Amino acid sequence: MPIPTLEFGSTGHRSTRLIFGAASLAAVSQDVADRVLDLLLQHGVNHIDVAASYGDAELRVAPWLRAHRDEFFLATKTGERTADAAYEQLQQSLERLGVDRIDLWQLHNLADPIEWDIALSPGGAIDAAVRAKQEGLVRFVGVTGHGAQIAATHR
């Protein structure tokens, strides 16, 4: 039985209801990562979510993406809050993942009001996101957060 898909926000992509959180690849061998990623293909999972802060996860996904990039909606994240640092981290993520473009780049765990102010003010990470989108390095921009109150904070 295939995993159902749903429209992922306003991206036009129909993501499987199960999105693979690649944090689980942070500290595994390439062999283990390859076996896990092959399971995604076998079961039709079509959305990978990774982050610069997930140890070696971007590196573990990279060799596998060479053969399968077009089959996945690829998301990564930055924890940086200033434009220069966030843009530099995006460049590192692109290199580590071995790709020219990310489908979704997210400001990771944006929960603290002071961090919101920094990230969304001039010179903040949002400026890097706009630049990256204009340059074709990312298709979509988003935010993530954790905890029971995060939806209200983001709203």
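The table for this structure:
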{"read-out": "Which listed residue, of Asp70, Asp56, Asp49, is at pLDDT below 95 and farther than 19 Å from Arg131 by Cβ", "value": "Asp70"}
{"read-out": "Output for region 127-150, where each listed residue is open to solvent by 50 Å² or more (accessible area, probe 1.4 Å) and either hydroxyl-bearing (Ser, Thr, Tyr) or over 16 Å from Ala51 (Cβ atoms) (or both)", "value": "Asp127, Val130, Arg131, Lys133, Gln134, Glu135, Arg139, Gly147, Ala148, Gln149"}
{"read-out": "Single match in Glu95, Glu58, Glu80, Glu88 (criterion: open to solvent by 40 Å² or more (accessible area, probe 1.4 Å) and in contact (Cβ under 8 Å) with a residue 12 or more places away in the chain)", "value": "Glu80"}
{"read-out": "Some residue of region 28-43 being within 23 Å of Leu90 (Cβ to Cβ), assigned to a loop (DSSP other than H, G, I, E, B) and in contact (Cβ under 8 Å) with a residue 12 or more places away in the chain", "value": "no"}
{"read-out": "Selection count, region 1-13, where residues are surrounded by 14 or more Cβ atoms within 10 Å (Cβ to Cβ) and either among the basic types (Lys, Arg) or part of a strand (DSSP E or B) (or both)", "value": "1"}
{"read-out": "Answer residue from region 14-50, given it is of a type in the set (Val, Ile, Thr) and surrounded by 19 or more Cβ atoms within 10 Å (Cβ to Cβ) and is nearest to the chain's Cα centre (by Cα) among those", "value": "Val50"}
{"read-out": "Cross-chain or 6+ apart pairs with Cβ under 9 Å, region 114-141 first and at positive phi, then open to solvent by less than 50 Å² (accessible area, probe 1.4 Å)", "value": "Gly123/Ala83"}
{"read-out": "Qualifying residue in region 62-73 (condition: open to solvent by 40 Å² or more (accessible area, probe 1.4 Å), among the basic types (Lys, Arg) and touching a Gly at 6+ places or on another chain (Cβ under 9 Å))", "value": "yes"}
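The values are calculated or read from the model by the stated rules, or taken from the named source; none is laboratory data. All of these numbers come straight from a predicted model, not from anything done at the bench. We place every Cβ from the backbone using ideal geometry, glycine too, and count neighbours over all the protein chains shown. Each accessible area value is taken on the protein alone, full model and side chains, heavy atoms only, with ligands, DNA and RNA left out. Shrake-Rupley method; radii C 1.70, N 1.55, O 1.52, S 1.80 Å.
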